[in-house]
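As structure tokens, the structure follows; a few thoughts come after it.
The values are calculated or read from the model by the stated rules, or taken from the named source; none is laboratory data. Keep in mind it's a predicted model, so treat the numbers as computed, not measured. Glycine gets a Cβ as well: all are built from the backbone with ideal geometry, and neighbour counts include every protein chain shown. Just so you know, the surface numbers come from the protein's heavy atoms only, side chains and all, with ligands and any DNA or RNA stripped out. Shrake-Rupley method; radii C 1.70, N 1.55, O 1.52, S 1.80 Å.
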Amino acid sequence: MTALTMPARPGHDAGLRPVPWTKLIWVTWRQHRIALAGVAALLGGLALYLLIKGLQIHSAYAAVTACHPAGSAACEVTAHPFVNDHNTAVDVAVILLVIPVLVGVFVGAPLLARELETGTFRFAWTQGCGRLRWAVAKLVLLAIAVTAAAGAFSLLFSWYYQPFFAEKLDGALAPQLFNLRGVDFAAWTLAAFALGAIAGVLIRRTVPAIAASLAAWAGLDLATTLFLRKHYQTPLVIKGSPGYTNPPWVVGGWYTGPNGATVSQQTIRNVIGHAPASVRNSPNPNAATAYLSAHHYAQWSAYQPESRFWHFQLIEGGWLLALSLILIAATVWLVRRRAA
């Protein structure tokens with residue numbers, strides 16, 4: 001029976017001198033340097049693109065802000081390059097939404113699953129590196145590395161997109177942008193890493209662990225975006241639609257009738273259907289609103305103001321961090337308790 005095939009038991013390495021943490025970190029780096037290099041290449045390539053494109057966007061925006069009088073024909077011509085770049089920036093933002101899960105899952109899932117799948121973990125456990133130290137050295141080092149890289153990348157993206165926020169072309173709470181800024185990008189990356197790591201220990205097969213953690217991350221992200229995030233703080237309610245000086249995140253809307261009770265959209269359509277043709281065919285939406293108001297129908301909106309951006313970031317980053325720490329702790333516990 002060899003070191004690779006003999007069963008590993010808790011306490012089997014008790015008589016061996018523990019391997020120093022510095023050597024464990026060095027071994028972890030040697031084992032996973034290709035994965036870390038892949039993360040560096042991916043984020044580095046995207047960062048270079050954001051830097052080059054961001055300099056162009058900031059230059060175009062500087063020309064827009066320097067033009068006077070604002071709104072003149074000459075200034076409209078000057079603003080065209082900036083407006084055209086806006087479409088590209090939105091496309092880039094949508095693509096970047098998958099980066100946290102790609103970085104986290106493809107680093108986290110194979111981290112322990114590959115060694116559990118091939119059986120090489122037994123060699124480490126018989127060389128003075130017990131289950132706990134083996135798991136902690138791998139998990140902590142790579143978790144810090146991918147989280148720090150994601151945090152630095154989110155700072156670059158915030159700089160890249162800042163002119164569009166300054167011009168109120170997008171709101172800070174917009175779902176396609178919220179995950180990419182502040183602490184959220186790093187928090188979602190860490191969560192994807194933790195999901196991948198625990199899936200690897202539970203399934204013990206690399207490819208199925210990657211698939212399972214991808215599905216878990218997607219479900220968590222979707223549930224957060226569609227249902228959870230809007231309830232971090234009680235939405236503000238306003239009669240009509242909120243102004244767009246600071247673009248809000250509208251999370252709900254309804255109409256009330258003459259008696260103050262909520263009415264259905266079908267009722268509103270019926271009321272508009274009896275309106276004069278000048279109202280029904282008007283390109284101005286305020287015409288329909290004015291008609292409804294004259295007939296004592298009021299529009300109401302529930303929204304989250306842009307000023308709550310950092311509140312939401314800290315709330316979401318906090319629970320994602322707590323979830324990630326729980327998953328990592330559970331991963332270590334499973335490594336220590338489950339039989340090899």
Q: Answer yes or no: is there a residue in segment 279-298 that is over 19 Å from ALA197 (Cα atoms) and in a strand (DSSP E or B).
A: yes
(Q) PHE165 - would you say it is without any contact (Cβ under 8 Å) to a residue 40 or more places away in the chain, more than 12 Å from the chain's Cα centre (by Cα) and either open to solvent by less than 30 Å² (accessible area, probe 1.4 Å) or over 23 Å from ILE99 (Cβ atoms) (or both)? (A) yes
Q | segment 318-328: number of residues that are without any contact (Cβ under 8 Å) to a residue 40 or more places away in the chain and either open to solvent by less than 60 Å² (accessible area, probe 1.4 Å) or not hydrophobic (A, V, I, L, M, F, W, C) (or both) | A | 2
Q.
Need pairs with beta-carbon distance below 9 Å; first residue polar (S, T, N, Q) and within segment 212-233, second open to solvent by 40 Å² or more (accessible area, probe 1.4 Å); sequence gap 6+ or separate chains.
A. THR225/PRO175; GLN233/HIS311; GLN233/ILE315
Q: Answer yes if at least one residue in segment 82-95 is among the β-branched types (Val, Ile, Thr), farther than 30 Å from PRO175 by Cβ, at pLDDT 75 or above and crowded, with 16+ Cβ neighbours inside 10 Å, and no otherwise.
A: no
Q. Only one of (1) over 24 Å from PHE312 (Cα atoms); (2) at pLDDT 95 or above fails for LEU220. Which number is that?
A. (1)
Q: Can you give me the number of residues within segment 299-317 that are open to solvent by 30 Å² or more (accessible area, probe 1.4 Å) and assigned to a strand (DSSP E or B)?
A: 3
(Q) Looking for something in contact with a strand residue (DSSP E or B) (Cβ under 6 Å, 6 or more places away or on another chain) and closer than 26 Å to TYR291 by Cα - is there at least one such residue anywhere in segment 270-278? (A) no
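Give segment 21-35 a look and list any residue that's open to solvent by less than 100 Å² (accessible area, probe 1.4 Å) and modelled with pLDDT under 80, or say none.
Within segment 21-35, LEU24, ILE25, VAL27, THR28, GLN31, HIS32, ARG33 qualify.
Looking at ARG114, ARG122 in this structure, which one is of a type in the set (Lys, Arg) and modelled with pLDDT of 75 or more? So that I can check it myself, show each step before the final result.
Working: ARG122 fails: modelled with pLDDT of 75 or more.
Answer to the check: ARG114.
Being farther than 29 Å from ALA191 by Cα and open to solvent by 80 Å² or more (accessible area, probe 1.4 Å): is that true of GLN265 here?
The answer is yes for GLN265.
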